[in-house]
Structure formats: C-alpha cells, structure tokens
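Trainee: Okay, here's the structure, questions in a sec.
The values are calculated or read from the model by the stated rules, or taken from the named source; none is laboratory data. Source: prediction; values computed, not measured. As a convention, Cβ positions derive from the backbone with ideal geometry for all residues, glycine included, and neighbour counts pool all protein chains shown.
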Amino acid sequence: MSTPQKTAIFLERRGYRQRRLIDAVRLLPILGMILLALPLLWQAEESQSSFNADALIYVFGVWVLLIACSAFVSAFMGGNDVSATTDTPD
C-alpha cells in the first residue's frame with residue numbers, strides 16, 4: 001500500500017489576503033446599508049431641526065467613510081489578481 005501524499009494545509013499568503021480583501025469588498029455595501037439605516041432608529045427630540053441636521057451630518061459622514069474604505073481596499077487589490085493572468089500562445 002502506498003502512503004497518501006501530504007497536501008499543503010495553508011494557502012499562499014497573497015492568495016489568502018486577496019480572498020479576504022474580496023470578502024471585505026462584498027461586505028462594504030451591507031455595512032453601508034446598516035450604517036445609513038441607523039438614523040431611522042434615532043428618536044426625535046423637541047427641536048426637530050437639530051435632529052435633522054445631526055442626521056444629515058451623520059449620513060454624509062458615513063458616505064465619506066464608505067468612500068475612504070473602498071478606496072483603501074481597492075488600493076491593496078489593484079493588479080494582484082492571480083486568476084486573471086493567462087498564458088498567451090506566441
């Protein structure tokens with residue numbers, strides 16, 4: 001009987017990080033929806049105009065934060081896609 005060959009348990013670091021970045025990109029819209037829905041749960045106080053201003057500042061702050069997060073993640077993803085490289089026949 002032959003012994004089974006040992007296969008590598010761990011993934012290549014670059015491939016593993018690439019997959020985790022792709023997971024982060026997939027979660028950003030869900031995180032954005034949750035964060036943008038939070039002002040709907042806030043309770044309005046007596047001064048309604050102050051509440052509206054705070055909610056508007058919060059929404060634009062979340063919007064800027066999501067843009068910054070997506071730019072940060074896309075900077076690390078740029079051009080390192082291992083699966084996109086193909087051998088072209090000469």
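Trainee: Among what's in the stretch 9-43 and is within 17 Å of Ile67 (Cβ to Cβ) and over 12 Å from the mean Cα position of the chain (by Cα), pick the residue that is surrounded by the most Cβ atoms within 10 Å (Cβ to Cβ).
Mentor: Per the stated criteria, the residue is Leu35.
Trainee: Report, ordered by the first and then the second residue, all pairs with beta carbons closer than 6 Å, sequence separation of six or more or different chains, a first member in the stretch 20-35 that is farther than 14 Å from Val73 by Cα, and a second member that is part of a helix (DSSP H, G or I).
Mentor: Gly32/Leu66; Leu35/Val62
Trainee: Report, by residue number, each residue of the stretch 38-69 that is modelled with pLDDT under 90, among the small types (Gly, Ala, Ser) and in a helix (DSSP H, G or I).
Mentor: Ser49, Ser50, Ala53, Ala55
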